[in-house]
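Worksheet: one structure, shown below.
Readers should treat all values here as calculations from the given coordinates under stated rules, not as data from a laboratory. Given the structure is predicted, the values throughout are model-derived calculations rather than measurements. Note that each Cβ is placed from the backbone with ideal geometry, even for glycine, and that neighbours are counted across all protein chains shown.
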Amino acid sequence: MDGGLRAPELCGGETVTGVAQIKEAVSDPLAEVDFLGRAFQDDPYPVYAKLIKETPFFYSDRYRQYFAFSAEAVRAVMVSKDFTVESPFRASRIMFGPTVVDLDGENHRRLRIALSEAINVGKNQQYREEIILPTIRERVADLKDGEAQNWVSDFCDLVPLQVMSRIIGIPDSDFDFFKRVCAPIISYLDFATPETKAAGIAAMGELVPYLDDLLAGLVEVGSFDSSIIGSYLRQQHENGQPSMVEITRHVSLLIPAAIDTTNRLIANCIWLLCDTPDLQKKLRGDTAAISNFVTEVMRYEPPIHTTLRLAAKATEVLGVPVPAGAAVTVNLAAAARDPALFDGPDNFDSERPPSNRVLSFGAGKHQCVGKNLATIEICDCVEVLLDTFADIAFAPGPKPQITGTAFRSPVVMPIIAHKFPTEETL
Ligand code: HEM
């Protein structure tokens, strides 16, 4: 997704109007915080804890915007009608054009209904049996037995890419093309440099005509299957909307939204499976315990830490005045470590009761539409891995690091795992 804070210039030059008049006399809580420094990237949680306690919602002169850290402040911004996602400067807007993530009001409602219909929760079981489980089993079968291998590139990144390409309705024969264009689109949104921007825009220059042709071909033969594209085309055929351009935009949006989120959470799950003694034994064969574990990883190490909102009008949060047009970085991950909501928030506890107060899938009218689908896919990954491997461990060498803040997961993760003997190997 299009997260909030990446770099000091993250607002993309957006003017934070009215802010000059209400600058705080107090010192900037972020004056000493280096968001891009290694220490913060590797472990932002001590900084979050301090901010939750001392300044849950504040204006930072250094970053020219507001920040919400406590659960109360985060929820207040996410569910308030006084804040909007609409900004012409968001990277996702520039990349895809207007989509659900950066529209509010009637257009958001209309496009969200169409997308929810296309990712119909009622189809999850069918997706699971026909696409998710077979894809996971194929990828797990390809993992090496007893040899070090980077599971980020060879497993975590591949599963959601392949699952989503099939659910979207990309023909298997075009998978290599899809995979090739996805990588630069994701890199552009993860961290925009002049090089990643150019490569991302070039990739969109290939993807858009490809999707236009694919859609036109399917319309010509009247083929509307149970894929996301099939559902969109059926809606188009029956109601005249969304438009073909909107369909192409939203299919493209799913590349960062559905792929470059689920892959990171799968990686964070595997990292915790390796880092927490006896956890693999405890979870193996226990579907309910696995589901609880995944929910706790989503709280403890969510893959998206921040998102962005703009004040649609002058308002206030926890008594702090916010002028119209001001940008607010909302820290969903900090909210999930707020001691006001969770006992011992910095402890990873796979048996912690699930809570709907975890905001890692967002809150309010922009809450994640793929939440259930992602959860099914991630739980299935953990289950199939534990059924296949007797032990999964970090390979000898430096311990892999979960890192990043806007997006957070290990970059590389060399693993050595030993498969259970099967009838063929016995
Ligand atoms: C672990 C995986 C995932 C995580 C952590 C995640 C997280 C989020 C978050 C935090 C938001 C809200 C952003 C905001 O309000 O600014 C969001 C929105 C969204 N997500 Fe997900 N997501 C995941 C998987 C998926 C999947 C699998 C799909 C699609 C199949 C998906 C589609 C979307 C869409 C379209 C939105 C925008 C909804 C709107 O603005 O109305 N996500 N996601």
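Segment 90-147 and segment 153-230 have their alpha-carbon centroids 12 Å apart. For segment 81-97, the Karplus equation 6.51 cos²θ - 1.76 cosθ + 1.60, evaluated at θ = phi - 60°, returns couplings of 6, 6, 10, 10, 9, 6, 7, x, 9, 5, 4, 5, 5, 5, 6, 10, x Hz by residue, with Gly and Pro reported as x. Pick out the long, greasy-scoring helices in the chain: whole DSSP H runs spanning 18 Å or more along their own axis by Cα, mean Kyte-Doolittle at least 0.0. Within the chain the helices that satisfy the rule are 175-190, 194-221, 260-275, 287-300, 371-388. Exposure proxy shown here: for LYS365, LYS81, the number of other Cβ atoms within 10 Å sets the order, fewest to most, as LYS81, LYS365.
Protection proxy ranking of 140-152, 269-281, by the mean of other Cβ atoms within 10 Å over each peptide's residues and highest first, is 269-281, 140-152. Among HIS237, HIS366, the ranking by other beta carbons within 10 Å of each residue's beta carbon, starting with the fewest, stands as HIS237, HIS366.
With the helix formula -39500 (n - 2.57) applied to DSSP H stretches of n ≥ 4, the chain reaches a computed 222 nm mean residue ellipticity of -14000 deg cm²/dmol.
Amide H contacts under 5 Å for PHE58: PHE67, restricted to partners 5 or more places along the chain or on a different chain, H placed in the peptide plane at 1.01 Å from N.
Computed with the Debye formula from one identical point scatterer per Cα of segment 259-412, without solvent, the log10 of I(q)/I(0) at q = 0.20, 0.21 Å⁻¹ comes to -1.34, -1.46. Here is the list for segment 327-426: GluC sites (Glu not before Pro) lying in DSSP coil, each with at most 16 other C-beta atoms within 10 angstrom of its C-beta, are GLU351, GLU423, GLU424.
Based on the alpha-carbon gyration tensor of segment 136-217 and its eigenvalue square roots a ≥ b ≥ c, which shape applies: rounded if a/c is under 1.5, prolate if not and a/b is larger than b/c, or oblate? Judged from the Cα gyration tensor, segment 136-217 comes out oblate (a/c at least 1.5, b/c at or above a/b). Under the combined filter of DSSP loop state and at most 14 neighbouring Cβ atoms within 10 Å, segment 29-79 retains these trypsin sites (Lys or Arg not before Pro): ARG62.
At 0.692 mPa s and 37 °C, plugging the Kirkwood radius over alpha-carbon pairs of the chain into Stokes-Einstein gives what diffusion coefficient in µm²/s? Using the Kirkwood radius from Cα pairs, D works out to 146 µm²/s.
Order these by the 10 Å Cβ neighbour count, fewest first: THR425, THR375, THR403, THR307. Listing THR425, THR375, THR403, THR307 from fewest to most nearby Cβ atoms yields THR425, THR403, THR375, THR307.
Over all orientations, segment 46-111 has a Cα convex hull whose mean projected area works out to 5.8 square nanometres.
Taking a straight line from the alpha carbon of LYS399, these aspartates and glutamates sit under 16 Å away, with near neighbours fewer than eight places off in the same chain left out: ASP42, ASP43, ASP275. Between segment 279-325 and segment 394-426, the alpha-carbon centres lie 24 Å apart.
Relative contact order for the chain: 27 percent, from Cα pairs under 8 Å spaced at least 6 residues apart, divided by residue count.
The protection proxy used here, the mean number of other Cβ atoms lying within 10 Å of each residue, ranks peptides 318-324, 300-306 as follows, highest first: 300-306, 318-324. In this structure, the residue pairs whose Cα-Cα separation is over 31 Å, taken from LYS50/LYS281; LYS144/LYS365; LYS282/LYS365; LYS144/LYS281; LYS197/LYS371, are LYS50/LYS281; LYS144/LYS365; LYS282/LYS365. Here the chain carries DSSP beta bridges of which approximately 90% are antiparallel, counting only pairs with both residues inside.
The mean sequence distance of close C-alpha pairs (under 8 Å, at least 6 residues apart), as a share of the length of segment 199-253, puts its relative contact order at 30 percent.
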